[in-house]
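A.B. asks: I'd like to ask you about the structure that follows.
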Amino acid sequence: MARNLGSGGLRSKLLASEAAPGMVLMVCAAVALVLANSPLAHAWHELFLHPLPWSPVAPLENLHAWINDGLMAVFFLVVGLEIKREFVMGALADNARRRLPVIAAMAGMAVPALVYIGVTGGYPALRSGWAIPAATDIAFALGVLALLGGRVPPSVRLFLLTVAVVDDIGAIAVIALFYTSSLEMGWLALGTALFAVMMAMNRFGVRALLPYLVLAAALWFAVLHSGIHATVAGVLAAFTIPVTLDRNGDSPLLRLEHALVGVSGFLIVPLFGLANAGVALGAGDPLAPLPLGIALGLIVGKQVGVMLALLGCERFGLASRPAGASLLHLWGMALLCGIGFTMSLFIGALAFAHAPQLIEDAKLGVLGGSLVSALAGAALLRMAPRAVAE
């Protein structure tokens with residue numbers, strides 16, 4: 001049980017703990033790539049896509065669906081808990097502190113989408129993929145930062161984490177608004193009622209976690225059948241968990257986040273990487289419009305959007321850069337924002353759900369763009385001053 005963590009304490013634990021999951025994710029992505037390009041490729045894909053003999057939840061008919069629609073709902077629950085904590089007691093709790101990361105994240109989502117549309121605009125079948133390069137994978141990015149040791153000021157690490165939190169809000173909104181199939185109103189009404197009950201529990205001071213978790217599972221089941229992507233239920237459930245601290249500096253939200261962050265980082269996200277990162281490298285053309293648009297969106301769009309926001313805010317007096325950060329630190333961090341991986345792969349699977357070959361092409365762009373962004377960002381940060389006065 002978490003005790004005396006508070007926002008700052010838990011934030012420090014998350015910064016320390018997310019680097020290792022990022023490295024595990026890198027290993028899993030490499031394993032998936034190797035297996036997808038080996039004689040075991042067919043068996044590897046069949047492991048995730050072969051129909052299960054029986055599933056307790058009918059729409060989840062194979063292991064891939066259980067990971068993407070089931071386990072990833074827990075990942076989004078953790079994301080939602082983090083978002084609520086940051087808005088209530090963290091870096092997004094007041095206007096002055098949230099201004100720069102919010103502007104940077106918004107620009108870092110808009111410019112990659114524009115780059116993608118610029119490359120693929122002449123192909124109507126590819127338009128639904130505009131959001132793929134707009135996402136940042138915080139675990140992967142923090143894993144790269146961890147490899148650099150003390151070369152990066154703590155303020156830059158914290159800023160990257162905060163930008164990623166805002167980025168996640170945008171990605172969740174995109175999934176809910178743009179990647180929703182036809183709605184089943186009965187299931188949607190049930191989900192709405194369950195969410196209302198959970199909000200009422202919060203309002204009337206219910207602090208035990210078990211009732212929230214039981215209703216969260218029911219909410220997930222209703223949303224799964226409603227036509228809205230099931231992972232949105234994880235975020236909605238997170239927003240109902242009480243965050244008010246007791247006299248011991250504890251809260252239900254902090255306890256739940258502390259309990260799940262390791263499960264999400266060391267189990268769920270690596271499993272997602274294993275199930276989704278495997279792509280046959282020789283089967284697609286990396287210079288085709290879809291992979292090229294995604295890769296350029298991540299490599300060029302992300303760094304341009306984030307850097308323009310940072311320098312523009314500083315130039316016009318809207319906000320100051322992170323303490324102790326040089327221009328190279330900022331540029332390297334902006335490049336690391338182009339590591340899309342988890343969320344980009346996830347959105348790619350939604351964008352082209354009925355076009356398996358386009359999903360594979362999208363994976364090629366995500367992996368290529370993320371790899372170049374990671375290597376270029378790490379190189380710039382290694383060139384930056386080791387110590388800048390804070």
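A short reminder: the numbers here are calculations on the coordinates, not readings from a lab. Everything quoted here is computed from the prediction, not taken from an experiment. Neighbour counts run over all protein chains shown; Cβ positions are idealised from the backbone, glycine included.
A.B. asks: How high is the FRET efficiency between L328 and A93 when r is their beta carbon distance and R₀ equals 22 Å, given to the nearest 0.05? Spell out each step's value before the answer.
C.D. replies: On the way: r = 30 Å, r/R0 = 1.34.
The computed FRET efficiency comes out at 0.15.
A.B. asks: Could you estimate the translational diffusion coefficient of the chain from the Stokes-Einstein equation, with Rh from the Kirkwood formula over C-alpha pairs, at 4 °C and 1.567 mPa s, in whole µm²/s? Present the calculation step by step, with values, prior to reporting the outcome.
C.D. replies: Details: Rh = 21.3 Å.
Result for D is 61 µm²/s.
A.B. asks: Quick one: what Rg and Dmax do you get for the range 272-390 from the alpha carbons, in Å?
C.D. replies: 16.6, 52
A.B. asks: How about the range 238-313: which trypsin sites (Lys or Arg not before Pro) there are in a DSSP loop, with at most 14 other Cβ atoms within 10 Å of their Cβ? The partial results should precede the final answer.
C.D. replies: Working: sites: R247, R255, K302; in loops: R247.
Taking the range 238-313 and a limit of 14 other Cβ atoms within 10 Å, the loop trypsin sites (Lys or Arg not before Pro) found are R247.
A.B. asks: Here's a follow-up. Under a 10 Å cutoff between Cα atoms, tell me which one of Y212, Y123, Y179 has the largest fluctuation in the Gaussian network model of the chain.
C.D. replies: Between Y212, Y123, Y179, it is Y123 that shows the largest mean-square fluctuation.
A.B. asks: Would you tally the net charge around A93, using a Cβ to Cβ cut-off of less than 10 Å, leaving A93 out, and scoring K and R as +1, D and E as -1?
C.D. replies: Here the charged neighbours net out to +1.
A.B. asks: How far apart, in nm, are two points set 7 Å out from the Cα along the Cα-to-Cβ line at A41 and at W54?
C.D. replies: For the pair A41/W54, the computed spacing is 3.6 nm.
A.B. asks: Could you give the nm distance between label points at A20 and V263, where each point is 7 Å from its Cα heading toward the beta carbon?
C.D. replies: If labels sit at A20 and V263, their model points lie 1.8 nm apart.
A.B. asks: So what is the relative contact order of the range 69-383, in percent, for Cα pairs below 8 Å that sit 6 or more residues apart? Could you put the intermediate results ahead of the total?
C.D. replies: Working: 492 pairs, mean separation 101.8, N = 315.
This gives 32 percent for the range 69-383.
A.B. asks: While we're here: How big, on average over all directions, is the shadow cast by the Cα convex hull of the range 166-291, in nm²?
C.D. replies: On the way: hull surface 42.2 nm².
Mean orientational projected area (the range 166-291, Cα hull): 10.5 nm².
A.B. asks: So, in nm, how far is label V214 from label T180 when the simple model puts each one 7 Å beyond its Cα toward the Cβ?
C.D. replies: Between V214 and T180, the simple spin-label model gives 2.9 nm.
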